Amino acid sequence: MPRTVSRGVVALLLSCALLLTTAACNDDTKSASGAATPTASASFEQQKLAKTRFVANAGLAAGAAYQWIVKPYRAGKFQKGADGRTFALVKAGLAGAFTYNRLKAAVNNAKGDPLLSKAVAPLSAGIESIKDLGTKFRKGEAGDADVSTFENLINNVKDAGRSAGAEVVDKVPSTSELGG
């Protein structure tokens, strides 16, 4: 009998200790209004992650635009009568939509870093202008100006990242990622 009582006491003490430590960990720093106040380290980590996410998203956008739009266009894959034209146009359409999506995400990530947000802010209008280019590629209606728009926009995003200390490197997504 004394053994079960001692086990019960130990279990009770451990449970109380666990409850007290979790209650102590849950104590948020609150301001007078009741909202949590951010700490300096939290904002630094957030900015660091913002640049990392920006680089990842912009790199995917750049890789998709170059691999599935610019490169096939220069190789003549979009011209009437070219071998694999339909498949190249469908991939270009998907890549256009994917590029737009990743560029929007990159601009959103850039908002977490003051220097990066200032560098990327002028590009928002250009990113909005390519919104419907994916459809033009899929339908086979895209031309030199459309491909140049993609290429120039990607280069401008890379330059903006470089000026803010976030070097963007092309990362080519797979075809399954384009449709995902």
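The values are calculated or read from the model by the stated rules, or taken from the named source; none is laboratory data. Just so it is clear, the structure is predicted and the values come from calculations on it, not from any experiment. We place every Cβ from the backbone using ideal geometry, glycine too, and count neighbours over all the protein chains shown. To get the accessible areas, we keep the full protein, side chains included, count just its heavy atoms, and leave off ligands, DNA and RNA. Shrake-Rupley method; radii C 1.70, N 1.55, O 1.52, S 1.80 Å.
If A88 satisfies every condition in (1) under 18 Å from T52 (Cα atoms); (2) part of a helix (DSSP H, G or I) but one, which is the exception?
(1)
Looking only at segment 156-180, how many residues end up being part of a helix (DSSP H, G or I) and either within 23 Å of R138 (Cα to Cα) or open to solvent by less than 50 Å² (accessible area, probe 1.4 Å) (or both)? Break it down stepwise before answering.
Going residue by residue through segment 156-180, those that are part of a helix (DSSP H, G or I) are 156-163, 175-179.
Imposing the further condition that a residue be either within 23 Å of R138 (Cα to Cα) or open to solvent by less than 50 Å² (accessible area, probe 1.4 Å) (or both) reduces the set to 157-158, 160-161, 175-179.
Adding up the residues that qualify gives 9.
Within 19 Å of S176 (Cβ to Cβ) and of a type in the set (D, E, K, R), is that true of K91? Before the answer, list the steps.
Working: within 19 Å of S176 (Cβ to Cβ): yes; of a type in the set (D, E, K, R): yes.
Criteria met by K91.
Using the structure shown, decide if L133 is open to solvent by less than 80 Å² (accessible area, probe 1.4 Å) and out of contact with any Gly (no Cβ under 6 Å at 6 or more places or on another chain).
Details: open to solvent by less than 80 Å² (accessible area, probe 1.4 Å): yes; out of contact with any Gly (no Cβ under 6 Å at 6 or more places or on another chain): no.
It is false that L133 is open to solvent by less than 80 Å² (accessible area, probe 1.4 Å) and out of contact with any Gly (no Cβ under 6 Å at 6 or more places or on another chain).
From K111, K118, grab the single residue that is of a type in the set (K, R) and either buried (at least 23 other Cβ atoms within 10 Å of the Cβ) or within 16 Å of the chain's Cα centre (by Cα) (or both).
Details: K118 fails: either buried (at least 23 other Cβ atoms within 10 Å of the Cβ) or within 16 Å of the chain's Cα centre (by Cα) (or both).
After applying the criteria, what remains is K111.
Looking only at residues in segment 52-84 that are in a loop (DSSP other than H, G, I, E, B) and surrounded by 14 or more Cβ atoms within 10 Å (Cβ to Cβ), which one is farthest from the chain's Cα centre (by Cα)? Walk me through how you get there before you give the answer.
The initial filter retains those residues of segment 52-84 that are in a loop (DSSP other than H, G, I, E, B), namely 75-84.
Pick out the ones that are also surrounded by 14 or more Cβ atoms within 10 Å (Cβ to Cβ) and you get 77-78, 82.
Working: K77: 29, F78: 29, A82: 34 Å.
Residue satisfying both the conditions and the ranking: A82.
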